[in-house]
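The values are calculated or read from the model by the stated rules, or taken from the named source; none is laboratory data. Not measured: the values here are computed from a predicted model. Reconstructed Cβ throughout: ideal geometry from the backbone, glycine too, with neighbour counts over all protein chains shown.
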Amino acid sequence: MAEPVRLLVVCLGNICRSPVAEGVLRARIATSTLAGQVELDSAGTGDWHVGEPPDRRAIASAAEHGIDIAGLRARQLSGADYRHFDWLLCADRANLRDVRARAPGDASARHALLLDWAGVQDEGEIPDPYTGGPAQFEHVFQLLDRAADGVIARLRREYPGRFD
């Protein structure tokens, strides 16, 4: 069996956007022909929430759509991530700048904005819902749900025959 495609979703603190993205992607990939062939994780560029569960509003938003992210724990992006993952998919331009600035010399991972990479929106950003309420978290969920479709479609295009 071929090595899995490895995707890391990155946001600022790893408690709102990236854990929801991880949860949505895991759920969608598990029920697709990509099941067992994609490794997913999430991380934050900052270290403020390391070891903490996702924000309660992110947990609630995901749960409303049947996705359980309560068991995830925040972690900070590490140097090893640049070698382990194929793609570091960022929530917004600030995260992408940070990811690029921190890349070690031996980095092999490529980096992109998640919404752009998934074909949802050119140069698209996922807004940080942290200071918002349920409507902002729902908006983020909807963007990530669309991104999940795009991720699956892109992986099928880039690896023809592998996920049939």
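Annotation: Val24 fulfils all but one of (1) surrounded by fewer than 23 Cβ atoms within 10 Å (Cβ to Cβ); (2) touching a Phe, Trp or Tyr at 6+ places or on another chain (Cβ under 8 Å); (3) more than 18 Å from Gly132 (Cβ to Cβ); the unmet one is (1). Number of residues in the range 112-164 that are farther than 21 Å from Arg100 by Cα, free of Cβ contacts under 8 Å to residues at least 12 places away in the same chain and among the acidic types (Asp, Glu) equals 1.
The condition of being of a type in the set (Asp, Glu), over 18 Å from Ala147 (Cα atoms) and in contact (Cβ under 8 Å) with a residue 40 or more places away in the chain holds for Asp81. Taken together, Pro54, Pro19 contain a single residue that is touching a Pro at 6+ places or on another chain (Cβ under 6 Å), at negative phi and assigned to a loop (DSSP other than H, G, I, E, B), which is Pro54.
Phe137 satisfies every condition listed in (1) touching a Ser or Thr at 6+ places or on another chain (Cβ under 6 Å); (2) modelled with pLDDT under 95 except (2). Restricting attention to the range 13-21, does a residue exist that is surrounded by 17 or more Cβ atoms within 10 Å (Cβ to Cβ), small (Gly, Ala, Ser) and more than 22 Å from Gly66 (Cα to Cα)? Checked against the condition, which is being surrounded by 17 or more Cβ atoms within 10 Å (Cβ to Cβ), small (Gly, Ala, Ser) and more than 22 Å from Gly66 (Cα to Cα), the range 13-21 yields at least one hit.
Among the residues of the range 27-67, those that are surrounded by 18 or more Cβ atoms within 10 Å (Cβ to Cβ) and basic (Lys, Arg) comprise Arg28, Arg57. Do any residues in the range 1-13 that are in a loop (DSSP other than H, G, I, E, B) have Cβ atoms under 7 Å from those of residues that are among the aromatic types (Phe, Trp, Tyr), where the two are at least six apart or on different chains, and which pairs are they? As it stands, the answer is Gly13/Trp48, since those pairs meet every condition given.
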